[in-house]
Amino acid sequence: MNEPTVTESAEASPDTIAPPVHKTTVRRPRFFHWPTLLLAFVVLICGIVIGAAGTTAIIGKRIVDAVQHPESNASRAANRLRRQLDLTDDQTQQVEKILAERTKAFGAIYRDNLPRIAQEFALTKQQIAEVLTPEQQQEWQERMARLERIAQLRTPQSP
């Protein structure tokens, strides 16, 4: 009568106690989360485009200003040299005067040679057009017209 029953012995023996059952789900590893990477790529491309456009606009404006208003170039260049070379006020004034005189001389050389430059440009346009097909010639002429409009914007004003 004192003998344990099968159920009692199974419950009482530590060897026969089953470990607790935990329900675990198997997750697939997330090696590649493409929506996040796609979004990051789009943001990167947008940043590159915006940065390039902004840089082009700023540099283009500075170039146009420098060519159309050469009188201000001497002052800007002198101030830049002042910072780079640690010039005194007197040195900065002398450098600015020298640069202003040389800028006028360069402008005179440019204006004196402008007819010759225009002639060479026209000859280049004509010779290239001669080797193109009619469709290519039309595209070439449109491109040259745009270039000439830009060149007119950038031509220095007469003194």
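Any residue that is modelled with pLDDT under 70, among the basic types (Lys, Arg) and within 48 Å of the chain's Cα centre (by Cα) - is there at least one of those in the stretch 14-27?
Yes; the residues of the stretch 14-27 include at least one that is modelled with pLDDT under 70, among the basic types (Lys, Arg) and within 48 Å of the chain's Cα centre (by Cα).
Please indicate, with yes or no, whether at least one residue in the stretch 43-63 is hydroxyl-bearing (Ser, Thr, Tyr), at pLDDT 70 or above and within 30 Å of residue 103 (Cα to Cα).
yes
Could you tell me whether any residue of the stretch 39-55 is under 30 Å from residue 107 (Cα atoms) and not in a helix (DSSP H, G or I)?
Checked the stretch 39-55: no residue is under 30 Å from residue 107 (Cα atoms) and not in a helix (DSSP H, G or I).
Out of the residues in the stretch 100-125 that are farther than 27 Å from residue 143 by Cα and of a type in the set (Val, Ile, Thr), state the one that is surrounded by the most Cβ atoms within 10 Å (Cβ to Cβ).
Restricting to residues being farther than 27 Å from residue 143 by Cα and of a type in the set (Val, Ile, Thr), the top hit is 103.
If residue 88 meets every condition in (1) surrounded by fewer than 13 Cβ atoms within 10 Å (Cβ to Cβ); (2) at pLDDT 90 or above; (3) under 33 Å from the mean Cα position of the chain (by Cα) apart from one, which number is that one?
(3)
Residue by residue through the stretch 115-147, note down the ones that are closer than 21 Å to residue 64 by Cβ and either in contact (Cβ under 8 Å) with a residue 12 or more places away in the chain or among the acidic types (Asp, Glu) (or both).
Once the filter is applied, which keeps residues that are closer than 21 Å to residue 64 by Cβ and either in contact (Cβ under 8 Å) with a residue 12 or more places away in the chain or among the acidic types (Asp, Glu) (or both), the stretch 115-147 yields only 144.
The values are calculated or read from the model by the stated rules, or taken from the named source; none is laboratory data. Worth saying up front: this structure is predicted, and the values here are computed from it rather than measured. Cβ atoms come from the backbone with ideal geometry, glycine included; neighbour counts cover every protein chain shown.
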